[in-house]
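Enquirer: Before we start, here is the structure in question, set down as structure tokens.
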Amino acid sequence: MTELATALQNWEPVIGLEVHVQLATRSKAFAPSAILFGAPPNSLTDPVVLALPGTLPTFNKAALEMALRLGVATVSKIRAKSRFARKHYFYPDSPKGYQISQYDEPLCEEGVLDILLPEGGRKRVKLTRIHLEEDAGKSSHAGAFSLVDLNRAGAPLVEVVTAPELGSAEEAAEFMRALHRMVRYLGISEADMEKGQMRCDANVSLRRRGEDRLGTRAELKNINSFRFVQKAVEHEIARQARILDGGGTIVQETRLWDADRGASFSMRSKEEANDYRYLPDPDLPPLHVDGPLMMNVMRTMPELPMAKLDRFVRDYDLREPEARQLIEAPALADYFDAAIKAHGSDRAARTLAAWITTELGGALNRDGKSIEDSPVTPAHIAALVKLIDDGTISGKMAKTVFDEVYTTGTSPDAIVARDGLRQISDPVEIERIALEVMAASPKQVTAYRAGKDTLFGFFVGAVMKATGGKASPQVTSDVLRRLLS
Amino acid sequence: MSGLTRAEVEELAVLARLELTEDELARMQVDLAAILVHMEALAEVDTSAVAPMTHAVPMDLRLRKDEPQPSLPVEVALRAAPDARDGHFRVPNIIKTQEGA
Amino acid sequence: MIWSSVADQAHAVRTKAISAVELTRAYLERIAAKDGELGAYLAVDEAGAIAAATRVDECVARGEDPGPLAGVPVGLKDVFVTEGLATTAGSRILEGWIPPYDGTAVAQLRAAGAVVLGKLNCDEFAMGSSNENSAYKLCRNPWDLTRTPGGSSGGSAAAVAAGLCSFSLGTDTGGSIRQPAAMCGVVGIKPTYGRVSRWGVVAYASSLDQVGPLTRSVADAALVLEAICGHDPRDATSVVEPAPLLASAPTAGVDGLTIGIPVEYGGDIDPEIAAAVQRAAAILREAGANVVEISLPHTRYALPAYYVIAPAEASSNLARYDGIRYGIRRGEGGLAEVYRATRGAGFGAEVKRRIMLGTYALRAGYYDAYYKKAQQVRALIKRDFEQAYATCDAILSPTTPTPAFALGANATPYEMYLADVFTLACNLAGLPGASVPAARASSGLPIGVQILGRPLDEATVLRVAGAIERAAGVMDLHPPFAS
């Protein structure tokens, strides 16, 4: 039994997440300079970002609209008047010596987000709050020095805080996936974890199974991939269980997750003691969310992931695992919807889904492409399935055609016409060929008729070979059975 | 609240990142206590039904259009920095962590 | 033309009666001759001033209008951020910083044709009432060089009084324009909070700071105010109302206005100042105003509320001075050492005191008892004014408890804080307020009285100030030092 499994026998993990998501605005939250990943260091600053004396913040409307979209999508209570506060701490990547954030009057409270459980089913996770704040710059460490790049400083973030009710590392990871999916559906963030556009802190505590009282928690910082969420939380559960089982006590502290070493480290901060000294920002009047703004947000809300999942299962009779795969990315779900529309019949949904998730998904995956880059359009997939449906091509031919569409971007109909790929399904034509095959193989005919059934495949193969693979397998089989009996 | 201890003064100085000499600390303790005595008058005022006034003129936050403005050239951004290297602001190493259990 | 009004100087430049360069040189020569003793300027930008004046003259030569302040030489308190011109806020921590941008008020002055002579001395980060907290040098009162010019805009008031600029800009967080104006015998106006953009003004206490002119006449103040007021999208607290038209206000008279005198503003004040207020009231009554007593019951809480709110905001605003992106850096070794050594060496005693005070008031567990409580009291102080303005149009009071005091006179910080006892409430309530010279003490020192108005009603403040100025007969007096 693994250490984790042993730990989980005695201890119940209680996990809360604080997830930061960078909003996909063009300019910064409180400053006018641009946001662009990968720009040369300190090339995206302005007097506000540098916190030059005399500078003042102004607030980006798009950041508010994006945060509101998330608020609406999570059925949060949205404050008509929320407030920005200064959160003070000294750090070289925080140019003002404080971060503009929200404190006791956040934009959103009491929301929910449904997560998909790996074993099937869903769990509704309560969100304590969603608030707006600004990002810090980046520090890189080189020997005795740290180098500070303020390009990212001031980029808008939403911080999503869950109630402490995630029960396992898997659930924590699933929450991250659900939020990632949601913000991408809403079009408010790329949420690319590799670019640091989505980051997570996890509060982990353990309580003895059967007890209600929460244990002392540790906060894990700097978790920046789905995989690491699970690993970091599992590692922390095992660490705490080890301490508790050994009669020790958990210290309330902040720990930094080091993904390279697969371990966490205590951030000893006595010397840099902080008391955030929250202060309503005197430079920023209260943030008022009025009716027209809300109406505009509501009017432009897309279909959300869980609604889409339900619809795919209900209307298209998809199996849940396949439907989950299709809704994972909004572009993929849109692709599927577009394919059904192009095809014209809901009944083809399962076939379309299979083609999209298996053939197309496989090819894209192999080439490291996303669905947005797919050379095969939804109309192509629909046309391909139609060609199979009406017997023009066989399923096997379809795979060849698919490969050709994928490589050249040419439509399936054009490929079929160009290459004369039309399936031969005329029984008379196939009978003529079958008789030729039989005439050329008298020994096999005799043997088959004597009871060697396994030779049936030989005849099918021979007909196929004679037709260059174009003979309808079904018709060929029917004709041969009749002729050979 | 006016009985400000030396330890509290030192703690405040750490929070505010102010290096104070022995003399300054002693002087600060006396001065702050003398000022804070006068702040006690605020407690006399009944403010139970009063909302805090955070801004001199009541107004809502105006929203800026999401249109990026030109950034400062890197050399201008770094020009006034006491220590800049390779396009960065340079500071003594930040990270001080200790391996945990 | 040194002592001519702003309007006359601009007119003379526009009509080529004098060139902007000549006018500018005249002031530059006076600065060179006199400021060594006075200490009003921290930096004189001779080359920049001559270049700006030359542009104005070229503009006039082309037949274009250089603007209402054409060629008028101005001095700026050193909290105004000026592109290419060192800006220190009177602090060591910003020593050597050359800003890459101009603040809005400065840009507006330049656009109106004004010529920036240089940067004026002030208390460090505008914290002080005597200019003695300047990290660079002492500034003296031109009426008596052993006395302070007041503060924190002490250099701005002294320079105007001594004729070392035509007018100046200052900032006022708790009285920092009005108090030195009164002590130096000039006019100083703090407009309604949000009237003048704070963009490009080194912040002291953001919810209280406001920009205003110091001038030799109420008419000059009106002209300058028109040029610098107005909405600025870069300041989220800037009011949307357009700049007021004020040119006719100083001479509009006070007939029919009701002037309130707060009963709470008596107490421990110099008898000559009390007499000056009585005299101003008599002048206004004579001019047709109705003078009544009013009550501002929470007056005595203004000072404690201010000294919680202003230091709290200051402790936050000054967190950016860390020796990383600009200014000085001190300390070897670790980062924590750099922070503490830089700030320890860069800030002066009063700034440190207010940072400590503000840090104290904002700590977890203290916030409600201090900062929040002070903001609630602030709301009550504002309510007092709203109730008073139901019965009067403007309020008359002393500006300062005493005329200019001697350098080094105030032994404790709190004694110094009392110098602003009459001016603080105006900032807490966000109101417009002015100080206008109203009398002369037996010592010869100037005495100013304060006029407060309704929000956005700078016009009435100027009407009342103009009426007092006309009748008080102290307007054309200049300090002997200046001659």
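Quick note: the coordinates plus some simple rules give every number you see, no bench work behind them. Just so it is clear, the structure is predicted and the values come from calculations on it, not from any experiment. For neighbour counting, all protein chains shown are included, and Cβ atoms are generated from backbone atoms with ideal geometry for every residue, glycine included.
Enquirer: Of B:HIS38, B:HIS88, B:HIS55, which has the largest mean-square fluctuation in a 10 Å C-alpha GNM of chain B?
Expert: B:HIS88
Enquirer: Would you mind getting me the FRET efficiency between A:ILE243 and A:ARG324? Use the beta-carbon distance for r and R0 = 30 Å, nearest 0.05.
Expert: 0.20
Enquirer: May I pose another question? Just check region A:10-73 against the gyration tensor rule for me: Cα atoms, a ≥ b ≥ c as the square roots of the eigenvalues, rounded for a/c under 1.5, and otherwise prolate or oblate depending on whether a/b exceeds b/c.
Expert: Judged from the Cα gyration tensor, region A:10-73 comes out prolate (a/c at least 1.5, a/b above b/c).
Enquirer: Give the distance, in whole Å, between the Cα centre of region A:156-174 and the Cα centre of region A:306-334.
Expert: 23 Å
Enquirer: Using a Förster distance of 25 angstrom, determine the FRET efficiency expected from the C-beta separation of B:ASP83 and C:ALA349, and round it to 0.05.
Expert: 0.35
Enquirer: Taking a spot 7 Å from the Cα of A:SER345 along the direction of its beta carbon, which residues of region A:382-409 have an amide N less than 17 Å from it?
Expert: What the label zone holds, given the 17 Å backbone N cut-off, is A:382-395.
Enquirer: Please give the Cα centre distance for region C:32-67 versus region A:408-484, rounded to the nearest Å.
Expert: 100 Å
Enquirer: Additional query: Once you have the Cα-Cα distance between C:ALA275 and C:LEU145, take 0.36 nm times their residue separation minus that, and quote the gain in nm to one decimal.
Expert: 44.3 nm
Enquirer: Say R0 is 25 Å: what FRET efficiency, to the nearest 0.05, do C:GLU22 and C:ALA47 get from their beta-carbon distance?
Expert: 0.90
Enquirer: Which lysines have a Cα lying under 25 Å from the Cα of C:LYS382, excluding residues fewer than 8 positions away in the same chain?
Expert: Cross-link targets: A:LYS81, C:LYS190, C:LYS372, C:LYS373.
Enquirer: To continue, here is another question. Could you pull out which residues in region A:358-382 have an amide N less than 14 Å from a spot 7 Å beyond the Cα of A:ALA414, following the Cα-Cβ vector?
Expert: Residues A:375-377, A:379-381 fall inside that zone.
Enquirer: In nm, to one decimal, how far is the A:GLU165 label point from the C:HIS11 one, both placed 7 Å along Cα→Cβ?
Expert: That separation, rounded to one decimal, is 7.6 nm.
Enquirer: While we're looking at this one, here's another question. Can you compute the helix-only [θ] at 222 nm over the protein assembly as shown? Use -39500 (n - 2.57) per DSSP H run of at least 4 residues, normalise by all residues, nearest 500 deg cm²/dmol.
Expert: So the helix-based figure for the protein assembly as shown works out to -11500 deg cm²/dmol.
Enquirer: Further question on the same structure: Run the reach check for A:LYS470 against aspartates and glutamates, Cα to Cα strictly under 13 Å, same-chain hits fewer than 8 apart removed. What comes back?
Expert: A:ASP419, A:ASP426, A:GLU429
Enquirer: Once you put a point 7 Å from the Cα of B:GLU11 and another 7 Å from the Cα of A:THR128, both along the Cβ direction, what distance in nm separates them?
Expert: 2.3 nm
Enquirer: Ok, one more. What is the gain in length, in nm to one decimal, between A:ARG208 and A:ASP317 on full extension, counting 0.36 nm per residue of separation less the C-alpha to C-alpha distance?
Expert: Working it through step by step, the gained length comes to 34.9 nm.
Enquirer: Tell me whether chain B comes out rounded, prolate or oblate; compute the Cα gyration tensor, take square roots of the eigenvalues as a ≥ b ≥ c, and use a/c under 1.5 as the rounded threshold.
Expert: Note, shape of chain B comes out oblate.
Enquirer: Here's a follow-up. Treating each Cα of chain A as an identical point scatterer and ignoring solvent, apply the Debye formula and state log10 I(q)/I(0) at q = 0.08 Å⁻¹.
Expert: Debye curve over Cα of chain A, log10 I(q)/I(0) at q = 0.08 Å⁻¹: -0.65.
Enquirer: For the pairs A:LYS28/A:LYS308; A:LYS87/A:LYS308; A:LYS87/A:LYS369; A:LYS195/B:LYS65; A:LYS341/A:LYS369, flag any whose C-alpha to C-alpha distance is greater than 30 Å.
Expert: From the list (A:LYS28/A:LYS308; A:LYS87/A:LYS308; A:LYS87/A:LYS369; A:LYS195/B:LYS65; A:LYS341/A:LYS369), the Cα-Cα distance tops 30 Å for A:LYS28/A:LYS308; A:LYS87/A:LYS308; A:LYS87/A:LYS369.
Enquirer: Which whole-number percentage describes the relative contact order of region A:11-70, with Cα contacts under 8 Å and a sequence gap of 6 or more?
Expert: 32 percent
Enquirer: Full-extension gain between A:ALA338 and A:ARG449, please, as 0.36 nm times their residue separation minus the C-alpha to C-alpha distance.
Expert: Using 0.36 nm per residue and subtracting the Cα-Cα distance, I get 34.9 nm.
Enquirer: Still on this structure: Distances longer than 20 Å among the Cα atoms of region C:301-371: what percent of all pairs is that?
Expert: 36 percent
Enquirer: Continuing with the same structure: Between C:ASP255 and A:ALA439, what is the spin-label point distance in nm, taking each point 7 Å from the Cα along the Cα→C-beta axis?
Expert: Result: 12.9 nm between the two label points.
Enquirer: Any idea what diffusion coefficient the protein assembly as shown gets from Stokes-Einstein, in µm²/s, Kirkwood Rh on alpha carbon pairs, 37 °C, 0.692 mPa s?
Expert: Translational diffusion coefficient: 99 µm²/s.
Enquirer: Another question, if that's okay. Need the list of lysines near A:LYS452 for cross-linking: C-alpha distance under 20 angstrom, and skip anything on the same chain fewer than eight residues off.
Expert: A:LYS443
Enquirer: Okay, next question. Could you give the C-alpha radius of gyration of region A:427-484 expressed as a fraction of 2.2 N^0.38 Å, taking N as the number of residues it contains?
Expert: For region A:427-484, the normalised Cα radius of gyration comes out at 1.00.
Enquirer: Give me the distance between the Cα centres of region C:439-456 and region A:357-376, rounded to whole Å.
Expert: 80 Å
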